[in-house]
Amino acid sequence: MKIIVCIKQVPDVTEVKWDENGSLIRTGLPSIINPNDKNAIEAALTLKEEKGAEITVVSMGPPQVEEALREAMAMGCDHAVLLTDRKFGGADCWATAYTLGMAIKKLGHFDLIFSGVEAMDGNTAQVGPEIADFLGLPLLSYAEAIEVGEGTVKIHQKLGDLTRVIEGPMPALITCEKELNVPRIPRMDLVFECFEKEIKVLGMADVDGELENFGLKGSPTRLRKVFSPKRAKAQVEFLEGTPKESSQKLVEKLHEINAI
Amino acid sequence: MTAIKDLSAYKGVWVFIEQFEGKLTNSTLSLEILGEGRKLADKLGTDLTAVILGENLEKTAGDLIKYGANTVLVADAPVLANYRTELYTDIICQAAKERKPEILLVGASATGRDLAPRISFRLHTGCTADCTELDIDDEKKILVSTRPAFGGNVMATILCPDHRPQMSTVRPGVMMLPTWDEARTGEVIKLEVTAKEEDAKVKILEVKKHEASAQNIQEAVRVVSAGLGACTGNCFDQLKELAKELDAEIGGTRPVFETGLISHDVQIGQTGKTVRPELYMAVGISGTVQHTTGMANSRTVVAINKDPNAEIFKFAHYGIVGDAKAVVPALIAQLKASRN
Ligand SMILES: Cc1cc2nc3c(=O)[nH]c(=O)nc-3n(C[C@H](O)[C@H](O)[C@H](O)COP(=O)(O)OP(=O)(O)OC[C@H]3O[C@@H](n4cnc5c(N)ncnc54)[C@H](O)[C@@H]3O)c2cc1C
Ligand SMILES: Cc1cc2nc3c(=O)[nH]c(=O)nc-3n(C[C@H](O)[C@H](O)[C@H](O)COP(=O)(O)OP(=O)(O)OC[C@H]3O[C@@H](n4cnc5c(N)ncnc54)[C@H](O)[C@@H]3O)c2cc1C
């Protein structure tokens with residue numbers, strides 16, 4: 001069985017700090033493999049141990065994404081593909097899915113594609129479903145458990161307030177939830193070994209495709225502005241008085257703003 | 001996207017309505033986006049169309065008109081009873097190609113976040129995810145969508161200037177519900193459904209609905225959240241009563257989950273759920289980043305803490321410094337009083 005795992009390197013937003021004006025300080029955040037994508041890697045490794053599988057991790061991003069790919073190989077993935085090209089820059093979900101989809105087509109036969117449900121930085125949860133559409137694959141999203149049968153795959157899907165068991169034919173694309181498993185720590189011996197392993201680097205010319213579909217140019221969405229959310233700092237309004245007085249004020253405020 | 005598209009051919013605002021067993025599910029969310037869609041359509045001087053797929057939808061379709069839709073597109077067939085990504089995508093994309101809406105809104109529920117990206121890829125258009133604010137650019141007459149990203153640490157305003165329909169998914173609990181007007185009239189149009197059960201690649205083997213309470217924290221409009229400071233004596237029981245008064249779900253911090261007072265399903269933060277309700281009431285919570293990443297984008301945050309320097313106040317709009325054991329009962333009493 002051949003499994004492709006899409007991983008994204010993200011800044012660790014839980015380490016986020018704010019300056020005194022309440023603005024996000026974005027520089028110096030450590031880069032990590034997106035947490036959901038580690039669940040995706042773990043799911044692939046579990047299948048490899050149970051049924052035998054060859055796992056290829058694929059990531060699009062700047063050259064330093066190599067670190068993330070090496071970490072995935074140290075966890076036990078067999079091959080790594082880095083999609084990097086200045087022309088890939090500024091991609092929205094559509095262009096990201098297009099690039100990953102074109103690259104996956106190049107990699108030849110596969111049985112399953114795993115992605116995370118959602119990346120911790122962009123937070124859109126759109127790339128997985130979009131790749132599935134591009135490649136015409138059944139989409140099995142929000143997987144909390146995965147079972148591979150004969151030519152079919154079954155997942156437990158967490159769909160809001162429903163849990164469903166759904167099954168589709170392979171090849172299929174599965175988006176992985178954090179409840180799926182606990183990702184393993186990279187093995188020391190593999191950490192050393194993985195530095196010798198080759199990472200396949202592909203640019204725009206290697207994945208074919210139409211020039212106008214890549215990167216910023218290929219992105220239907222346009223970022224107009226980015227700003228810090230109203231972060232209270234100086235904004236918090238303390239409601240003073242005895243518990244009775246302060247709660248009375250609070251109830252009035254909440255009525256005013258229609259929160260209750 | 002080689003040739004420049006003729007964008008003027010695209011007209012009208014569409015809203016995808018979710019159903020479960022023929023009735024509106026996430027009903028508030030679907031209705032919220034219908035209400036928002038109405039506002040956008042009025043701003044553009046165009047029509048609002050509700051799109052609903054499922055089985056036995058006659059009554060629900062009629063209701064959507066009373067809630068403000070000019071037109072309801074209905075795909076009604078047994079094969080559509082349960083949501084399935086591919087079948088729903090096929091039908092909506094087909095209808096959109098024929099009828100050319102300029103805007104398509106989808107709820108940012110689990111279903112909507114599964115469906116919308118797939119539609120947007122196929123229609124080769126942009127989709128702004130999890131929006132908390134929508135507007136029309138007065139000059140260009142295009143959709144302006146604002147959404148949180150980076151775990152709620154930044155807000156982004158996003159456009160889709162050259163592709164149609166302009167798509168956005170919308171978070172629950174942020175848009176106003178539309179009003180019901182018995183006098184409204186409109187047209188219900190049946191979409192032809194040719195798909196058969198055999199065509200569906202994905203089979204649904206089992207569907208289980210969770211108990212309404214615990215699992216729904218992410219869709220909750222109001223959340224009362226317990227920290228360790230709200231767990232002594234009978235304080236936690238009082239919080240439950242407060243939640244009942246507010247019609248809120250109970251959530252909490254990781255240490256509270258560790259005491260066993262709440263389940264992991266409702267733990268909020270980095271290793272738990274991310275919520276963005278209308279109202280988040282943090283009681284006895286210190287406000288570390290591991291917790292606040294899960295709630296920082298709530299619409300209104302109230303913090304109750306005995307320590308005036310607690311970090312949580314930096315995330316709060318209203319703060320009460322005091323002992324939860326005294327404040328919570330007083331608050332319950334005030335809420336009861338305000339209702340009479
Ligand atoms: C503030 C901000 C807001 C944005 N909002 C939008 C928006 O509303 N709509 C939009 O179209 N774009 C948006 N973008 C752009 C978007 O973040 C990027 O397109 C990004 O490449 C993919 O989106 P994501 O991070 O949300 O990934 P998600 O869709 O959340 O990722 C899901 C999964 O897809 C896989 N994946 C994602 N990216 C990669 C990659 N580069 N390589 C390998 N696998 C990957 C991973 O398995 C990941 O777990 C925004 C960007 C910023 C900075
Ligand atoms: C990797 C990692 C992941 C984590 N993930 C999460 C997560 O997902 N979610 C999460 O919540 N935490 C998480 N944590 C834990 C987090 O760092 C904090 O320890 C936790 O959020 C603190 O919980 P608390 O506010 O309930 O307790 P405390 O920090 O102990 O705060 C209690 C607060 O209550 C106040 N107080 C005490 N008594 C009263 C009273 N009588 N009346 C009013 N106020 C009172 C105190 O002033 C204090 O501010 C994580 C930690 C790590 C390291």
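Select from region A:183-197 the residues that are modelled with pLDDT under 95 and not in a helix (DSSP H, G or I) and write down the one among them that is nearest to the other protein chains (Cβ to nearest Cβ).
A:I185
From B:I320, B:I250, grab the single residue that is modelled with pLDDT of 90 or more and crowded, with 24+ Cβ neighbours inside 10 Å.
Result: B:I320 is the single residue among B:I320, B:I250 that is modelled with pLDDT of 90 or more and crowded, with 24+ Cβ neighbours inside 10 Å.
Residues in region A:95-116: is at least one more than 30 Å from A:G151 (Cβ to Cβ) and near ligand 1 (Cβ under 10 Å from one of its atoms)?
yes
Quick check: is even one residue across region A:232-250 more than 10 Å from chain B (Cβ to nearest Cβ), in contact with a helix residue (DSSP H, G or I) (Cβ under 9 Å, 6 or more places away or on another chain) and not in a loop (DSSP other than H, G, I, E, B)?
Taking every residue of region A:232-250 in turn, none turns out to be more than 10 Å from chain B (Cβ to nearest Cβ), in contact with a helix residue (DSSP H, G or I) (Cβ under 9 Å, 6 or more places away or on another chain) and not in a loop (DSSP other than H, G, I, E, B).
From the list A:E177, A:E147, which one is within 12 Å of ligand 1 (Cβ to nearest atom) and under 20 Å from A:E50 (Cβ atoms)? Explain how you work it out, then say what you get.
Working: A:E147 fails: within 12 Å of ligand 1 (Cβ to nearest atom).
Result: A:E177 is the single residue among A:E177, A:E147 that is within 12 Å of ligand 1 (Cβ to nearest atom) and under 20 Å from A:E50 (Cβ atoms).
Restricting to region B:291-307, count the residues that are more than 8 Å from chain A (Cβ to nearest Cβ) and either away from ligand 2 (no atom under 12 Å from the Cβ) or farther than 18 Å from B:T274 by Cβ (or both).
Final tally of qualifying residues: 5.
Residues B:V266, B:V289: which one is in contact with a helix residue (DSSP H, G or I) (Cβ under 8 Å, 6 or more places away or on another chain) and surrounded by 21 or more Cβ atoms within 10 Å (Cβ to Cβ)?
Going through B:V266, B:V289 in turn, just one is in contact with a helix residue (DSSP H, G or I) (Cβ under 8 Å, 6 or more places away or on another chain) and surrounded by 21 or more Cβ atoms within 10 Å (Cβ to Cβ): B:V266.
If only one of B:A41, B:A69, B:A50, B:A61 is among the small types (G, A, S), in contact (Cβ under 8 Å) with a residue 24 or more places away in the chain and part of a loop (DSSP other than H, G, I, E, B), which one is it?
Details: B:A41 fails: part of a loop (DSSP other than H, G, I, E, B); B:A50 fails: part of a loop (DSSP other than H, G, I, E, B); B:A61 fails: part of a loop (DSSP other than H, G, I, E, B).
On inspection, the qualifying residue turns out to be B:A69.
Out of B:T132, B:T169, I need the residue that is more than 7 Å from chain A (Cβ to nearest Cβ), among the hydroxyl-bearing types (S, T, Y) and buried (at least 24 other Cβ atoms within 10 Å of the Cβ). Which one?
Sole residue among the options that is more than 7 Å from chain A (Cβ to nearest Cβ), among the hydroxyl-bearing types (S, T, Y) and buried (at least 24 other Cβ atoms within 10 Å of the Cβ): B:T169.
Select from region B:65-117 the residues that are more than 18 Å from the chain's Cα centre (by Cα) and basic (K, R) and list them in ascending order.
Hits for region B:65-117 are B:K66, B:R84, B:K97, B:R99, B:K100.
Restricting attention to region B:230-247, does a residue exist that is free of Cβ contacts under 8 Å to residues at least 60 places away in the same chain, assigned by TED's automatic domain parsing to the domain that holds B:Q334, in a strand (DSSP E or B) and of a type outside the set (G, A, S)?
no
Given B:V256, B:V221, which one is surrounded by 14 or more Cβ atoms within 10 Å (Cβ to Cβ), among the hydrophobic types (A, V, I, L, M, F, W, C) and away from ligand 2 (no atom under 14 Å from the Cβ)?
Working: B:V256 fails: away from ligand 2 (no atom under 14 Å from the Cβ).
From the options B:V256, B:V221, the qualifying one is B:V221.
Conditions tested, residue by residue: (1) under 23 Å from the mean Cα position of the chain (by Cα); (2) in a strand (DSSP E or B).
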position: B:I119; (1), (2): yes, no
position: B:K141; (1), (2): no, no
position: B:A156; (1), (2): yes, yes
position: B:M167; (1), (2): yes, yes
position: B:M175; (1), (2): yes, no
position: B:T179; (1), (2): yes, no
position: B:T185; (1), (2): no, no
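Spot the failing condition for B:A220; the list is (1) facing chain A (nearest Cβ under 9 Å); (2) touching a Gly at 6+ places or on another chain (Cβ under 9 Å); (3) at pLDDT below 95, and only one is missed.
Looking at each condition in turn, B:A220 falls short on (1).
Tell me, which residue of region A:106-130 that is more than 13 Å from the chain's Cα centre (by Cα) and part of a loop (DSSP other than H, G, I, E, B) is nearest to the other protein chains (Cβ to nearest Cβ)?
A:D111
If B:C93 satisfies all but one of (1) in a strand (DSSP E or B); (2) within 14 Å of chain A (Cβ to nearest Cβ), what's the number of the condition it fails?
(1)
The values are calculated or read from the model by the stated rules, or taken from the named source; none is laboratory data. Computed from a predicted structure; not experimentally measured. Methodologically, a virtual Cβ is constructed for each residue, glycine included, from the backbone with ideal geometry; neighbour enumeration extends over all protein chains shown.
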